[in-house]
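First the structure, in the form of structure tokens, and then the observations on it.
The values are calculated or read from the model by the stated rules, or taken from the named source; none is laboratory data. Note that this is a predicted model, so its numbers are computed, not measured. Cβ coordinates were reconstructed from backbone atoms using ideal geometry, including for glycine residues, and neighbour counts include every protein chain displayed. Remember, those area values only see protein heavy atoms, side chains included, never the ligands or the DNA or RNA. Shrake-Rupley method; radii C 1.70, N 1.55, O 1.52, S 1.80 Å.
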Amino acid sequence: MSTAASLSLAEKDQRYALHPFTNLSAHEQNGPFIISRGEGIYVFDEQDNRYIEGMSGLWCTSLGYNEKRLINAATRQLEKMPFTHMFTHRSNEPAIELSEKLVSIAPGDITRAFLVNSGSEAVDMAIKMVWFYHNAIGKPNKKKIISRKRAYHGVTIASGSLTGLPYVHDGFDLPAIPVIHTETPYLYRVGETDETEADFATRLAATLEADILAADPDTIGAFIAEPVMGAGGAIVPPETYFDKIQAVLKKYDILFIADEVICGFARTGNMWGSQTYNINPDIVTCAKQLSSSYLPIGAVLINQKLYDAFVTGSDQLGMFGSGNTYGGHPASAAVALETLNIYEERNIVQHVRDRSGRFGERIDALSNHSLVGHSRHVGLIGAIEIVKDKSTKEQYPVGDKTAAKVMAAAKNHGVIVRAVPGDGIAFCPPLIISDEQIDDMFDGIQAALDDVRRELS
Ligand SMILES: Cc1ncc(COP(=O)(O)O)c(C=O)c1O
């Protein structure tokens, strides 16, 4: 390697940076993929090669990469007041305006917003709220949380425990809080032969009920679900699933946390995934598209029932004793508020609905490819699953990393997508994408599948 003074940027990365969700020895060999700039739905590497960002970064840059209004909103706020906190009655203008706006657009019966910095922090706080709530109403045993296999809810000790993916638990001694992982609503893999979506949903609700009874309903505080599972594979639930799940939860007095960190803000063709699937949550967690990720921010939204209990509990204990230095950061809040204004002015929900037809057609067309066993999508999120044999659904050996090969081939064709568990390829482009750009994106994916097909044969 070169001397420290003459290291390239990539070499410095390899020498000094420790990367999340990365095979560290492979990184030592291969180095980083450095993104230098962005424009609309495109990002450019150091050599100025252009890529369609088919994953919106990490399912988050909804308004693309050069939205001037967000840059101006941050700059204005930083010049006026770069930092105030929300502890001990302190507040600031953008955080107040954003809380009001979030409550006004929130799904169901939400009445309050608590601002945080990320999705994991939002989920962690939601769990603390479930615990605080049950202590305050005199049901201190209701502390277990039900999550689902293949769920992704973050990486902190609590949110990582709720995540239902082994690679998040392994080596970190998770789960470390009381959690039950119920079955995942993935019809293609978990469904029985000839089972309809509705029958599958009925069976999943019965499994949930059996899990609740086995764990003792009086010890279960909440159920958490992404309306569409994101990092676990962009898994779209079967029809009637959430209706049947909610009926079971109601029967056993279990709170519903809708984790809208990916689905929130139009991704599924409604402002919230909860609206797409008729969910009436007690708690909503959101982040990512809340600010189009121009600055870090997340929120936990709660209904009045929880808020009233928090008031009582905080009186008894002296305070509601939780918060983060940057929760309600004025610059992040100003950017989030501007993001929500842009969504409203440009009717982003309608734009997603208008684009979702072309997006869905192109994903479904991929399932004609000999490598693709299954496709799924809603709004502007979707995935395919790579299989070795379409008729038996047999997969390639895990070690072959076939989906990772497709992802690498797509990059050669100027498209960034993501390999997800179970040899899936996920698609989640910026919401501002046009029909022509959707075509360009899937032309690249089609070519990538052809490349890998050739390589495998
Ligand atoms: C549904 C969901 N919840 C929580 C998180 C965690 O968010 P963050 O990475 O901001 O901590 C993610 C991240 O992808 C997510 O998809």
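Some values worked out for this structure:
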read-out	value
Val123, sole failed condition from (1) open to solvent by less than 70 Å² (accessible area, probe 1.4 Å); (2) free of Cβ contacts under 8 Å to residues at least 60 places away in the same chain	(2)
Complete set of residues in the stretch 370-416 that are hydroxyl-bearing (Ser, Thr, Tyr) and open to solvent by 20 Å² or more (accessible area, probe 1.4 Å)	Ser370, Ser375, Ser391, Thr392, Tyr396
Some residue of the stretch 220-237 being more than 15 Å from the ligand (Cβ to nearest atom) and outside any loop (DSSP other than H, G, I, E, B)	yes
Boolean, Ser99 is in a helix (DSSP H, G or I) and surrounded by 15 or more Cβ atoms within 10 Å (Cβ to Cβ)	yes
Residue, surrounded by the fewest Cβ atoms within 10 Å (Cβ to Cβ), within the stretch 320-356, restricted to residues that are in contact with a Phe, Trp or Tyr (Cβ under 8 Å, 6 or more places away or on another chain) and of a type in the set (Phe, Trp, Tyr)	Phe320
Cβ-Cβ under 8 Å pairs, at least 6 apart or on other chains, the stretch 37-58 side within 18 Å of Ala426 (Cα to Cα) and within 16 Å of the ligand (Cβ to nearest atom), far side among the hydroxyl-bearing types (Ser, Thr, Tyr) and part of a strand (DSSP E or B)	Glu53/Tyr42
Only one of Ser314, Ser322, Ser291 that is among the small types (Gly, Ala, Ser) and within 24 Å of Met55 (Cα to Cα)	Ser291
Selection from the stretch 114-154 of residues that are farther than 17 Å from Thr312 by Cα and in contact with a Pro (Cβ under 8 Å, 6 or more places away or on another chain)	Asn117, Ser118, Lys143, Lys144, Ile145, Arg148, Arg150
Inter-residue pairs, beta-carbon under 7 Å, first assigned by TED's automatic domain parsing to the domain that holds Val168 and in the stretch 229-248, second within 16 Å of the ligand (Cβ to nearest atom) and charged (D, E, K, R), 6+ apart	Met229/Arg150; Gly232/Arg150; Gly233/Arg150; Ile235/Arg150
Candidate set: the stretch 261-283, residues that are within 13 Å of the ligand (Cβ to nearest atom) and free of Cβ contacts under 8 Å to residues at least 60 places away in the same chain; chosen: the one surrounded by the fewest Cβ atoms within 10 Å (Cβ to Cβ)	Gly264
Verdict on Phe114 being surrounded by fewer than 20 Cβ atoms within 10 Å (Cβ to Cβ) and in contact (Cβ under 8 Å) with a residue 60 or more places away in the chain	no
